[in-house]
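Working notes, structure below.
The values are calculated or read from the model by the stated rules, or taken from the named source; none is laboratory data. This is a predicted model, so every value here is computed, not measured. Cβ atoms come from the backbone with ideal geometry, glycine included; neighbour counts cover every protein chain shown.
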Amino acid sequence: MLKGKIPGKETIFTTMSQLAREHQAINLGQGFPDYDPDQTLINLVNEAMNNGYNQYAPAMGYLPLRESIAQKSKSLYHCEIDPQQEVCITPGGTYAIYTALTTVLHPGDEVIVFEPAYDSYVPDILINGAKPVFIPLSYPDFSIDWDRVRNAISGKTKMIMINSPHNPTSSVLNSSDLKELSEIVNRHDLYVLSDEVYEPIIFDGMKHESVLKYPEIFKKSFVVFSFGKVYHCTGWKTGYCIAPKSLMKEFAAIHQFNAFCCFHLVQVALATFMKNEKTFSSLSNFYQKKRDLLSSQLTGAGFKALPSHGSFFQLFDYSSLSDEDDLSFAKNMTIHAGVGAIPVSPFYSQKSNVHALRFCFAKKDETLVAAGERLKNYFRN
């Protein structure tokens with residue numbers, strides 16, 4: 001057990017993906033695309049390799065990439081970022097989350113976590129000797145009850161973690177949520193960790209409310225992003241963190257003795273690729289079509305779609321098909337129907353009564369249709 005606090009068991013993603021492989025099931029569980037990145041980006045990576053960017057990058061990241069990030073932050077959120085002192089390129093968003101928590105947490109600190117929560121949050125808090133304080137999101141829209149947040153704050157509260165668009169529920173925070181957050185964190189002098197890795201993947205005309213838009217929150221925030229989620233290259237494990245200079249200095253002190261730096265040639269390629277704003281702005285429409293395709297397939301099999309406003313996931317209620325718990329239902333569906341998904345209960349610290357599975361629609365259209373046909377054949381025959 002890591003530091004005596006974290007059980008050394010595999011994640012639900014490993015469990016369900018292995019089961020899908022064993023039974024040759026279509027894997028709509030783990031969140032990765034089954035299609036390649038844009039060929040232009042691939043060509044830029046090859047070009048960077050041939051141009052000699054094969055050694056260590058600067059610890060904080062390739063400066064032109066950090067400059068492109070700063071320009072994007074200014075264009076989208078009217079936030080002036082110093083690319084030299086307030087941006088760090090990281091080996092994925094999860095790494096950035098761990099490093100941010102390690103930067104500020106001490107044993108005995110408390111961190112407010114909304115459940116269901118991405119599975120790295122709690123272990124990262126515990127490994128730093130801190131304590132997660134859980135607040136459930138309100139079912140079925142998975143919204144935040146801010147009065148519960150106020151009541152949960154104690155003299156030990158150090159940070160609030162938010163995630164929008166949200167994994168696994170696909171809910172999205174609005175401007176009223178950010179105003180509530182601002183009032184609370186400033187009244188109690190709290191840090192914020194904002195997980196925004198699905199930043200541009202947002203649907204139905206909604207807008208992403210980044211912490212970067214709110215200076216009164218950002219002044220004590222770490223904001224985490226992912227190139228892998230945005231540009232269909234999750235295997236490259238490249239993301240970044242934006243934080244005010246004083247916080248980033250401490251973040252970088254930890255980073256330099258851990259990863260030190262990230263994949264150089266990928267950073268060079270991304271610095272050029274992200275200058276084309278259409279590669280970013282087109283993602284909402286691209287993924288909304290896939291969300292709608294998956295929803296039509298699964299509702300035809302008897303599932304009930306829960307609202308999905310962002311990310312590349314959607315939850316589906318299966319209570320009309322079975323009264324099994326979600327883990328048993330997910331395993332049986334993988335084995336017998338040939339389609340894998342992720343149960344929601346592992347995203348909670350305590351047993352959950354939510355009869356729903358998380359499906360990933362970041363797949364080729366033919367993959368989604370094939371999965372739908374398998375489920376319709378199994379549940380309707």
Among the residues in region 222-235, are any closer than 21 Å to residue 74 by Cα, crowded, with 23+ Cβ neighbours inside 10 Å and free of Cβ contacts under 8 Å to residues at least 60 places away in the same chain?
yes
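So which residues in region 297-307 are in a helix (DSSP H, G or I) and over 20 Å from residue 141 (Cα atoms), if there are any at all? Outline the logic, then answer.
First, the residues of region 297-307 that are in a helix (DSSP H, G or I): 297-299.
The one that is in a helix (DSSP H, G or I) and over 20 Å from residue 141 (Cα atoms): 297.
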Residue within region 274-282 that is in the same structural domain as residue 165 (by TED's automatic domain parsing), farther than 27 Å from residue 308 by Cβ and among the aliphatic types (A, V, I, L, M) present
no
Determine whether residue 311 is crowded, with 23+ Cβ neighbours inside 10 Å, of a type in the set (Ser, Thr, Tyr) and modelled with pLDDT of 95 or more.
yes
Of the conditions (1) at pLDDT 95 or above; (2) among the aliphatic types (A, V, I, L, M); (3) surrounded by fewer than 24 Cβ atoms within 10 Å (Cβ to Cβ), residue 354 clears all except one; give me its number.
(1)
Search region 326-342 for residues that are outside the structural domain of residue 116 (by TED's automatic domain parsing) and pair each with any residue that is at pLDDT 95 or above and of a type in the set (Lys, Arg) when their beta-carbon atoms are under 7 Å apart and the residues are at least 6 apart or on different chains.
337/374; 338/374; 339/374; 341/358; 342/358
Can you confirm whether residue 169 is of a type in the set (S, T, N, Q) and farther than 22 Å from residue 77 by Cβ?
yes
When you look at residue 288, is it surrounded by 23 or more Cβ atoms within 10 Å (Cβ to Cβ), within 21 Å of the chain's Cα centre (by Cα) and not β-branched (Val, Ile, Thr), yes or no?
no
Condition check: outside the structural domain of residue 317 (by TED's automatic domain parsing), modelled with pLDDT under 95 and either basic (Lys, Arg) or within 15 Å of the chain's Cα centre (by Cα) (or both). Does residue 119 satisfy that?
yes
Tell me which of these residue 142 doesn't satisfy, since it passes every other one: (1) among the aromatic types (Phe, Trp, Tyr); (2) crowded, with 23+ Cβ neighbours inside 10 Å; (3) closer than 23 Å to residue 288 by Cβ.
(2)
From the options 271, 252, residue that is buried (at least 19 other Cβ atoms within 10 Å of the Cβ), outside the structural domain of residue 371 (by TED's automatic domain parsing) and either part of a helix (DSSP H, G or I) or touching a residue at least 12 places away in the same chain (Cβ under 8 Å) (or both)
271
